[in-house]
Amino acid sequence: MKIAVLTKAIPSYESSIRIDSSSTWIDESVVNFVVNESDSYALEEALQIKEKLDNGSEVVVVTMGSQDNTSKVLKDGLAKGADRAIFIQNEDSNTDPLSIAKLFSQNLKDENFDLVFSGLQSDDLGSGQTGVLIGELLGMSTATLGIETDIQDGKIKIKRELESGWFQWVTLPFPASVSIQSGINEPRYPSLKGIMGAKRKESKVIDGQLSDDPKQNFINLFVPKTEKATEKIEGDVDGIVAKLMDILKNKLRVIS
Amino acid sequence: MKYIGPDFCNITSLLTDEELLIQKTANQFVQQEFNPIVNEYYEKGSFPLELLPKMGELGFFGATLPKEFGGSEISSTAYGLIMHELEKGDSGLRSLCSVQGGLVMYPIYKYGTDEQKKKWLPQLSAGTAIGCFGLTESNHGSDPSGMLTRAKRDGDDWIINGSKMWITNGSVADVAVVWARDEEGIVRGFLIEKGTKGFTSSDIHGKMSLRASITSELFMKDVRVPDSSRLPGIKGLKGPLSCLTQARYSIAWGAIGAAVDCYEVALNYSKERKQFSKPIAAFQLTQQKLAHMIQEITKAQLLAIQLGNLKDNNQLDFSHISLGKKNNVAIARDCAKLAREILGANGIMDDYSIMRHMMNLETVYTYEGTNEIHTLIIGQKITGESAFE
Ligand SMILES: Cc1cc2nc3c(=O)[nH]c(=O)nc-3n(C[C@H](O)[C@H](O)[C@H](O)COP(=O)(O)OP(=O)(O)OC[C@H]3O[C@@H](n4cnc5c(N)ncnc54)[C@H](O)[C@@H]3O)c2cc1C
């Protein structure tokens, strides 16, 4: 079994985020890039599958982005136990999920992965589309929000998280692309031996150029102003109740 | 990836990716496995020994040793960063690791026979066996040359008599490295296994410092061990002193961790706590404390990194380590005190780690060579005059 795990470098929560002079992106020089949270769970799931199958399966960590920020997340993956890494180097700031998914799928096509695991979404942009789009572009079956996996002969069973505490089991034939929810396992931390051994593992760098014009652009990035406003509802009792119901239903949408 | 901790002068740029990843592993281990339970063990006056196999699996014990002896061949700076993280948790946790790696695995690796190495190093590095180091005696602390423990040759065996005091992990150790004088007065090291006839221990109770660490007394009454238990590669006091050099290096790094933890807690607190309608961080007197802390922490970081470089290049003299141990523990002790002040009444509570660090650092200030003894070592180095006696 050949499993790809897509991992993305995102600014850590502890970083102090500053908007750069263009007002369309953040000042990357001052942020600390770390592995996207749900990607760590995806990697752990892949490593556990590999260990359980114990048949010489391969786990490959794949990332895309600029050399400075992202190449280190691969080291993290290799140190935890991935067999090799693919780094699609792309200094472009285009964040359009379709363009990105195309770049991934072009470069991963020849690898013929049985499984592509990705995190549910990236914690910086949160579009949650890359895994599904890659699955589509590579003709794979896809599922999102996986919280449990079970490898069976020629297929994978996925427990999906639905709304309001509902779950769903789906069975996908290989090849499949599955996005993984956070919290479904206990991601290991890399051991010292793993960290020191990572240097000797294969890490392929691909020069990735985005072919399409971006389908999405940032126009303006700003820090939301904290505004506290108190709205006072006045009038007779019936009027107040009607107004309140309207707000709860239509403005806050807490009742239907 | 960045150094985890206050990085005023960009020390990240002095660290490799491996070193940063290793720090992160240790940081996660401490945050997830140790910090949630430290207060409970501190209060009980014991150590969560069940963490040892996990620490072994991650590679923390004897990590700089060659792979064939259970190490990971990491740089001395990476090893220092592990100590930094462990002591951010608690000095007791770092002590355990310093003892296991620097004081037990190191002498076995350096001075032991192949048989001793084969028997002990894999278990000690895996954390399935615990070691302790017995040098200090109740009447011989700073001056171990006065030790009274004796080893007498008897045929192929040695008979050991005496006692050791203040021994970290003494009562739980599977193997004790015990230093004793032979009949010619030469100091020799022996590996005494738990359960050997005549070898007993009792724990020291009533400590107000380093409570999350087991400290014991060891008693040797006609303990008979074969000559194969002796560490043949060394004789004289330089044996135990060379081990202390290893462990003191880890303290120079560990103390920064304690200081960093105190500083970060105090910095965050000062920004949130308001008095006289302002965050207390806005008062000059608070800023002076914080500025002093970051200044000393930054100097300590740079000193520790240089010690690591010297160590890896085989240029490290024990006087360098004395400087690092003395300075970094002293500044950590100051930081704990200043941080405690900044937190006011909250500073004395176990909701925060500061008071625990402050109490722990009293031990760290004293063991592995007191601050005074390191002053004398440095003094001797620069003047050529010994002021010990
Ligand atoms: C919690 C804990 C754990 C420990 N773990 C271990 C262990 O695992 N193994 C081990 O072997 N030991 C261990 N020790 C012992 C420790 O190393 C000794 O306590 C230390 O060496 C100091 O010895 P002492 O306590 O006898 O103090 P003393 O030597 O009696 O010193 C008392 C004071 O006199 C000062 N002094 C002494 N000589 C001079 C001098 N020439 N000039 C100026 N001042 C001087 C000292 O600096 C100190 O301030 C531990 C101690 C503690 C508290």
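The values are calculated or read from the model by the stated rules, or taken from the named source; none is laboratory data. Every value quoted in this text rests on a predicted model; they were computed, and no experiment measured them. In this analysis, Cβ positions are derived from the backbone assuming ideal geometry, glycine residues included, and neighbour counts consider all displayed protein chains. SASA here: full protein model, heavy atoms, side chains in, ligands and nucleic acids out. Shrake-Rupley method; radii C 1.70, N 1.55, O 1.52, S 1.80 Å.
Can you find even one residue in the stretch B:301-322 that is within 16 Å of B:Ser91 (Cα to Cα) and open to solvent by 10 Å² or more (accessible area, probe 1.4 Å)?
Scanning the stretch B:301-322 turns up no residue that is within 16 Å of B:Ser91 (Cα to Cα) and open to solvent by 10 Å² or more (accessible area, probe 1.4 Å).
Taking the stretch B:51-60 as the range and being buried (at least 21 other Cβ atoms within 10 Å of the Cβ) and either assigned to a helix (DSSP H, G or I) or more than 10 Å from every other protein chain (Cβ to nearest Cβ) (or both) as the test, the residues that pass are B:Leu52, B:Met55, B:Gly56, B:Leu58.
Of all the criteria given as (1) of a type in the set (A, V, I, L, M); (2) buried (at least 19 other Cβ atoms within 10 Å of the Cβ); (3) within 14 Å of chain B (Cβ to nearest Cβ), the one not satisfied by A:Val59 is (3). Filter the stretch A:59-91 down to the residues that are of a type in the set (Ser, Thr, Tyr) and in a helix (DSSP H, G or I), then identify the one that is modelled with the highest pLDDT. Restricting to residues being of a type in the set (Ser, Thr, Tyr) and in a helix (DSSP H, G or I), the top hit is A:Thr70. What do you reckon, is B:Ser202 modelled with pLDDT of 95 or more, open to solvent by 40 Å² or more (accessible area, probe 1.4 Å) and hydroxyl-bearing (Ser, Thr, Tyr)? Yes. For the stretch A:184-214, filtered to residues that are of a type in the set (Gly, Ala, Ser) and within 14 Å of chain B (Cβ to nearest Cβ), the residue that is nearest to the chain's Cα centre (by Cα) is A:Ser203. Scanning the stretch A:1-37 for residues being among the polar types (S, T, N, Q) and without any contact (Cβ under 8 Å) to a residue 60 or more places away in the chain gives a total of 7.
The residues of the stretch B:19-50 that are within 14 Å of chain A (Cβ to nearest Cβ) and either more than 25 Å from B:Met355 (Cα to Cα) or open to solvent by 10 Å² or more (accessible area, probe 1.4 Å) (or both), listed by number, are B:Glu19, B:Leu20, B:Leu21, B:Ile22, B:Lys24, B:Thr25, B:Asn27, B:Gln28, B:Gln31, B:Gln32, B:Glu33.
Go through the residues of the stretch B:135-158 one by one and say whether even a single one is within 16 Å of the ligand (Cβ to nearest atom), in contact with a Cys (Cβ under 7 Å, 6 or more places away or on another chain), open to solvent by less than 10 Å² (accessible area, probe 1.4 Å) and over 30 Å from B:Gln23 (Cβ atoms). No, the stretch B:135-158 contains no residue that is within 16 Å of the ligand (Cβ to nearest atom), in contact with a Cys (Cβ under 7 Å, 6 or more places away or on another chain), open to solvent by less than 10 Å² (accessible area, probe 1.4 Å) and over 30 Å from B:Gln23 (Cβ atoms). Counting only strands (runs of 3 or more DSSP E) that sit wholly inside the stretch A:124-186, those with at least 1 residues that are surrounded by fewer than 16 Cβ atoms within 10 Å (Cβ to Cβ) are A:141-152, A:155-161, A:167-173. Of (1) facing chain A (nearest Cβ under 10 Å); (2) in a helix (DSSP H, G or I), B:Ser72 satisfies all except one. Which? The single condition B:Ser72 does not satisfy is (2). Of all residues in the stretch B:361-376, those that are among the small types (Gly, Ala, Ser) have Cβ atoms under 8 Å from Cβ atoms of residues that are part of a helix (DSSP H, G or I), 6 or more apart or on another chain, in B:Gly369/B:Leu244; B:Gly369/B:Arg248; B:Gly369/B:Ser322; B:Gly369/B:Lys325; B:Gly369/B:Ile377.
Residue count for the stretch A:216-256 satisfying the condition of being touching a residue at least 24 places away in the same chain (Cβ under 8 Å) and exposed (fewer than 11 other Cβ atoms within 10 Å of the Cβ): 4. Among the residues of this structure, B:Gly170 counts as one that is out of contact with any Pro (no Cβ under 8 Å at 6 or more places or on another chain) and open to solvent by less than 40 Å² (accessible area, probe 1.4 Å). Among strands (runs of 3 or more DSSP E) entirely within the stretch B:166-238, having at least 1 residues that are under 25 Å from B:Val38 (Cα atoms) and away from the ligand (no atom under 14 Å from the Cβ) singles out B:199-203. Any residue that is near the ligand (Cβ under 9 Å from one of its atoms) and open to solvent by 50 Å² or more (accessible area, probe 1.4 Å) - is there at least one of those in the stretch B:345-352? The answer is no; no qualifying residue exists.
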